[in-house]
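The values are calculated or read from the model by the stated rules, or taken from the named source; none is laboratory data. Quick caveat, the model's predicted, so the values are computed rather than measured. FYI the Cβ positions are ideal-geometry reconstructions off the backbone, even for glycines, and counts take in every protein chain you see.
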Amino acid sequence: MVIERPNFYILTGGPGAGKTTVLEALRQRGFGCVDEAARQILREQAAIGGDATHDGDRAKYRDLCLARSIAGYEASDERTAAVFFDRGIPEHKGWGLQVGAEEPAYVTEAIHRYRYNRTVFVFPPWEDIYCHDEERKHTFQHAVEVCASIAETYRQCGYQPVEVPRLPVADRADFILARLGQA
């Protein structure tokens, strides 16, 4: 069974591109928002000494992120107003795979079943705002590569990536809302 929520919008891109900051700005404007599962999991894994991380057991990390992403999708019961997600289920495509391995059927099924609005807002890499923190330890070049890969993944999954311009936070939020006709 496919669940389509045309009022669910994904904010995505490489790490450190400003997605979470803009998500918070949209939340402050009264919109429903769903936080990224990956950061929560990384904090939890650090607290327990677990290895379900992007540089540890990637398959376990993917599965935890996928489960939380599905839970966030299902917990959002809004049917008309825009709801914004810090990343979406399709981003788990290809994660944790060994070279030459096939995508697990449950990942493919989740991507097919839980559908968002076709418009996906991609935050391009932005070196001026990129910084490291406890969970984000990759290089800026890694962020560039991740962004390109994510945009292609969304295209492959039937979505239309729209690049969010490098602007101040409020202007980025305005750009997104203008695309939704809610400016």
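I'd like to check something: does the stretch 101-124 contain any residue that is touching a strand residue (DSSP E or B) at 6+ places or on another chain (Cβ under 8 Å) and modelled with pLDDT under 95?
For the stretch 101-124, residues touching a strand residue (DSSP E or B) at 6+ places or on another chain (Cβ under 8 Å) and modelled with pLDDT under 95: present.
Kindly indicate the residue of the stretch 162-183 that is in contact with a strand residue (DSSP E or B) (Cβ under 6 Å, 6 or more places away or on another chain) and without any contact (Cβ under 8 Å) to a residue 60 or more places away in the chain and also nearest to Asp128 (Cα to Cα) among those meeting that condition.
Ranking the qualifying residues of the stretch 162-183, first place goes to Glu163.
Could you list, in sequence order, all residues of the stretch 156-180 that are within 27 Å of Arg113 (Cβ to Cβ) and over 17 Å from the mean Cα position of the chain (by Cα)?
Hits for the stretch 156-180 are Arg179, Leu180.
When you check Arg58 against the structure, is it modelled with pLDDT under 90, on the phi < 0 side of the Ramachandran plot and in contact with a Phe, Trp or Tyr (Cβ under 8 Å, 6 or more places away or on another chain), yes or no?
yes
Does the stretch 67-90 contain at least one residue that is touching a residue at least 40 places away in the same chain (Cβ under 8 Å) and on the phi > 0 side of the Ramachandran plot?
yes
Looking at the stretch 9-68, which of its residues are in a loop (DSSP other than H, G, I, E, B), surrounded by fewer than 20 Cβ atoms within 10 Å (Cβ to Cβ) and within 13 Å of the chain's Cα centre (by Cα)?
Asp35
Within the stretch 69-118, restricting attention to residues that are touching a Gly at 6+ places or on another chain (Cβ under 6 Å) and assigned to a loop (DSSP other than H, G, I, E, B), which residue is surrounded by the fewest Cβ atoms within 10 Å (Cβ to Cβ)?
Step by step, filter the stretch 69-118, then rank; the result is Glu78.
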